[in-house]
Amino acid sequence: MPLLDINIEKSKLQCYFLLGFTIVSSICILMTALSLTIQILFFSLLIGYTGLLFSQRYNVFKIQVTRENTWVIFAKSKRYIGRLRGESLITHHLCILRFNIENKRYPLTCVIYPDAIKKDQFRQLIVKIRTLIDN
């Protein structure tokens, strides 16, 4: 039985962040002294990248912490078992968790905004991570 079981929901903060990123980047593209063709190319790349970010933002939808301090990450249709890396970022406004996954070369990254999970679960997550770091 997991010590901590967190279901990650859709985050409005993440939507606002991506929307702001797209607007500011669009203004920067329009303000450059490049030809219209190159501006259209950059704008197309920006829209494509933003679409990719929106499509990937619900990859991780559940995280569990077991007694052995291993993490079970449910992403799309896969289940990963890994260990939390020390380079994870934990604040009261955002958690960026990076996991070492068995048989994977690159770490799995999970970004959790505070409005994506319940307040008490976000607090429990921060406390659990900080106790793991202290040990």
In segment 94-135, anything more than 14 Å from Leu4 (Cα to Cα), surrounded by fewer than 11 Cβ atoms within 10 Å (Cβ to Cβ) and modelled with pLDDT of 85 or more is listed as Arg105, Tyr106
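Among the residues of segment 91-117, what is the count of those that are under 19 Å from Val72 (Cβ atoms) and outside any helix (DSSP H, G or I)?
Of segment 91-117, the ones under 19 Å from Val72 (Cβ atoms) are 95-104, 106-112, 116-117.
Now restrict to residues that are outside any helix (DSSP H, G or I): 95-104, 106-112, 117.
Count: 18.
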Criterion (under 15 Å from the mean Cα position of the chain (by Cα) and without any contact (Cβ under 8 Å) to a residue 24 or more places away in the chain) met by exactly one of Glu102, Glu68, Glu87: Glu87
Determine if segment 73-82 includes at least one residue that is assigned by TED's automatic domain parsing to the domain that holds Ile129, at pLDDT below 90 and not in a strand (DSSP E or B). yes
Evaluate segment 42-65: report whether one residue or more is in contact with a strand residue (DSSP E or B) (Cβ under 8 Å, 6 or more places away or on another chain), in a helix (DSSP H, G or I) and modelled with pLDDT under 90. no
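The values are calculated or read from the model by the stated rules, or taken from the named source; none is laboratory data. Source: prediction; values computed, not measured. For neighbour counting, all protein chains shown are included, and Cβ atoms are generated from backbone atoms with ideal geometry for every residue, glycine included.
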